[in-house]
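**Student:** Below you will find the structure I want to go over with you.
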Amino acid sequence: SQSRFPRPKWQWAKIHLLIAFGLTPLLLVFFSQVSLIAPIANMIAVPFISLVIVPLSLLASLLLWLIEPVGNMLLTLVDLLLTLFWPFLEYVVSLPFSHWTSTRLPWFYSVPITLGIVLLLSPKGFPAKYLGLLGILPLLFYSAERPDKGEFWFTLLDVGQGLAAVIQTEQHTLVFDAGPKFSDKFNTGTAIIQPFLQSQGINHIDSLIISHGDNDHIGGADPLIKAMAVNTIFTSTPDKLLDASYCQPNQSWQWDKVQFTMLMPEPLNTASANNQSCVLHIENATGSVLLTGDIEKQTELQLTEHYGQALKSTILVAPHHGSNTSSKAYFIDTVNPDIVLFPVGYRNRYHHPNAKVVKRYLNRDTTMLNTAQHGAISYAFGLDNLTGPITWRQHGRKIWTSATTD
């Protein structure tokens, strides 16, 4: 007689595939990334955990009450099995095809994608089932927007107490500084900069400029270079980065009708790496941005005397995170920024930006924003207007971060 239960065949594999497919819209909306190998890995991991690790752990927990030495032996065995299994998971994650990163989709695309997947997962014979294919078309054909020729987008990323900025033109991408490396397992190059670039549909960096060798500026550089293709690297400390060249005074180039210029001082007789920072000026028809690394008052004075009004900028990224070693009155008056941005960590131990520095900018009616309060800060320099800021702490606010406003 026919069994009342259907034969499993490959139902267990089908379930894993359907779960992975069904989670796709949520993963793309929240993380812009989908694991391609998870269904296959789960076919090994789920039975191993469910049939081996969980039963042994439960048995060990019970035996700890009855025969403690045996319970401890079983827990040791569980630990050994997990230790042996871990390299398999690391190998799977390291495979080049292990995941697919999507351009960050506008939220409204999640509606047709979700409806499309629901239709495709519906039972056989469901009306309009295959119309779901139309719903998932944005996954295949959506491409990120880019500035038009002559325009550029500037984003100061939130990397805590450090600096990382991204400049996008029509066909090029420049990254200025890469934030800190906190440990062998976490750095802002691959944890923040790379995901941001991928969310913008960017898979390589045309130029990486590292202002100087302090960890909060260079820490994420090496991991970022290993994770993404980088065409050229400039820094004041080329000995610390493979294939890097020195920032050269007055070195300039034009990308898509946007002008880039290194405003480097002559080398100072100082032991301070801060004062050797690469300084970059970006300009189009609408305005300009000045990135200064960690320069202090000596270099500010030298730049002021050497370049004068060429320093004038619409946006100034505050030297040395707003430390009182920098942002002296003569420098601020020469740059004369409309907006100053402070790349600082939330409640950082240095108390950046310094209260005296804030007062100097305040006295000049300069608009001030900082990454600790506002998160990443973006501006778009159009052909005839400046739009922004988009502050990601507010723009991308989530329920679990809504209380972090001070």
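The values are calculated or read from the model by the stated rules, or taken from the named source; none is laboratory data. It should be emphasised that the depicted structure is a prediction, and the values quoted were computed from it without experimental measurement. Don't worry about glycine lacking a Cβ; one is built from the backbone with ideal geometry, like all the others, and counts go over all protein chains shown.
**Student:** Looking at region 273-291, which of the residues that are of a type in the set (Val, Ile, Thr) and within 23 Å of the chain's Cα centre (by Cα) is farthest from ASP148 (Cα to Cα)?
**Tutor:** VAL279
**Student:** May I ask you to say which residue of PHE21, PHE85 is modelled with pLDDT of 90 or more and surrounded by 15 or more Cβ atoms within 10 Å (Cβ to Cβ)?
**Tutor:** PHE85
**Student:** Also, quick follow-up: Any idea how many residues of region 46-72 are among the small types (Gly, Ala, Ser) and exposed (fewer than 12 other Cβ atoms within 10 Å of the Cβ)?
**Tutor:** Qualifying residue count, region 46-72: 1.
**Student:** Here is a further query. Looking for whichever is in contact with a helix residue (DSSP H, G or I) (Cβ under 8 Å, 6 or more places away or on another chain) and farther than 30 Å from GLY132 by Cβ here; the options are ALA60, ALA45. Which one fits?
**Tutor:** ALA60
**Student:** Quick check: is even one residue across region 309-319 assigned to a loop (DSSP other than H, G, I, E, B), modelled with pLDDT of 95 or more, more than 28 Å from the chain's Cα centre (by Cα) and not aliphatic (A, V, I, L, M)?
**Tutor:** There is at least one residue in region 309-319 that is assigned to a loop (DSSP other than H, G, I, E, B), modelled with pLDDT of 95 or more, more than 28 Å from the chain's Cα centre (by Cα) and not aliphatic (A, V, I, L, M).
**Student:** What number of residues in region 250-276 are assigned to a loop (DSSP other than H, G, I, E, B) and modelled with pLDDT of 95 or more?
**Tutor:** So the count comes out to 2.
**Student:** Please specify each residue of region 320-336 satisfying the condition of being over 15 Å from LEU303 (Cα atoms), buried (at least 24 other Cβ atoms within 10 Å of the Cβ) and over 22 Å from the mean Cα position of the chain (by Cα).
**Tutor:** GLY322
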